[in-house]
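**Student:** Okay, here's the structure, questions in a sec.
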Amino acid sequence: MSHVVRQVLFRGGTLCRRGASTLIAGLWPGRSLHEVDDALAARPVSQQAAITSGVFLGLVLAGFFAAQFGWIGILVFWLAVIVIAR
């Protein structure tokens, strides 16, 4: 694998981990984004991938559920995601 491809994959993985950390920190009272991200980064890469994938899978499944209620459901879903991420 070339150096550029590794850099892109590393950066993409870091961004995904940060997104998952943001959602976890929003749902975990008393924990800051920095604490959650550091705890997740300290885990082995396989566990990081599993946790990140699980968070995003849950997000996609919640989006599919919200889509059953039409555009209002999607609106409520995205508003909830924004509120959690804040």
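**Student:** Could you count how many residues in segment 9-34 are more than 18 Å from Ile82 (Cβ to Cβ) and touching a residue at least 24 places away in the same chain (Cβ under 8 Å)?
**Tutor:** 3
**Student:** Within segment 1-34, which residues are open to solvent by 70 Å² or more (accessible area, probe 1.4 Å) and either assigned to a helix (DSSP H, G or I) or acidic (Asp, Glu) (or both)? Steps first, please.
**Tutor:** Let us first name the residues in segment 1-34 that are open to solvent by 70 Å² or more (accessible area, probe 1.4 Å), namely 1, 3-4, 6-11, 15, 18, 27-31, 34.
Across segment 1-34, the qualifying residues are His3, Val4, Arg6, Gln7, Val8, Leu9, Phe10, Arg11, Leu15, Arg18, Leu27, His34.
**Student:** Could you run through segment 35-72 and say how many residues are within 15 Å of Ala85 (Cβ to Cβ) and surrounded by fewer than 13 Cβ atoms within 10 Å (Cβ to Cβ)?
**Tutor:** So the count comes out to 1.
The values are calculated or read from the model by the stated rules, or taken from the named source; none is laboratory data. Note that this is a predicted model, so its numbers are computed, not measured. A quick note on method: Cβ atoms are made from the backbone with ideal geometry, for glycine too, and the neighbour counts reach across all protein chains shown. Note: accessible area is taken over every heavy atom of the protein model, side chains too, but ligands, DNA and RNA are not part of it. Shrake-Rupley method; radii C 1.70, N 1.55, O 1.52, S 1.80 Å.
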